[in-house]
Amino acid sequence: MKEFINIESKSQFDALSTLESPYILYFTTPTCNVCKSISPKLLKMVEEYPIDIYKVDVSELEDIPAQMLIFNIPTIVVMVDQKEVLREVRFIQFENLERICSLACEA
């Protein structure tokens, strides 16, 4: 089963800019109940795709949400070729997310 890759520093986050493969940024906090309910579903959905999910705790890394213009949680951002191709906020549409992941991994 896939697991989240925890981003623990700004430099670790900045290193993502060198990735060539698609990836997902998952912005959350430990106290977010919506996040707790969608996390297992998110992990299960991406199991069939060669895509990593990077989890950012916005309560610990405050510079990153400001840089990415994250105003609410959970926020899921899909990055392809270092461009944001999808952003889902609070009410996550898993159908959209799965469609974009499928297309991104085909390319």
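Things to note:
- Flag not set for LYS41, criterion: touching a Leu at 6+ places or on another chain (Cβ under 8 Å) and either modelled with pLDDT under 95 or surrounded by 11 or more Cβ atoms within 10 Å (Cβ to Cβ) (or both).
- Selection from region 1-32 of residues that are at pLDDT 95 or above and among the small types (Gly, Ala, Ser): SER9, SER11, ALA15
- Selected residue (criterion: farthest from PHE4 (Cα to Cα)) from residues of region 35-59 that are of a type in the set (A, V, I, L, M), touching a strand residue (DSSP E or B) at 6+ places or on another chain (Cβ under 9 Å) and part of a helix (DSSP H, G or I): ILE38
- Long-range neighbours under 9 Å by Cβ, at least six apart or interchain, first residue without any contact (Cβ under 8 Å) to a residue 60 or more places away in the chain within region 69-95, second assigned to a strand (DSSP E or B) and of a type in the set (Asp, Glu): PRO74/GLU88; THR75/GLU88; ILE76/GLU88; VAL77/GLU84; VAL77/GLU88; VAL78/GLU84; VAL78/GLU88; PHE94/GLU88
- Residue in region 57-102 that is surrounded by the fewest Cβ atoms within 10 Å (Cβ to Cβ), counting only those that are of a type outside the set (A, V, I, L, M, F, W, C) and within 12 Å of TYR26 (Cα to Cα): ARG90
The values are calculated or read from the model by the stated rules, or taken from the named source; none is laboratory data. Values in this document were obtained by computation on a predicted structure and should not be read as measured data. Cβ sites come from the backbone with ideal geometry, for glycine too, and all protein chains shown count toward neighbours.
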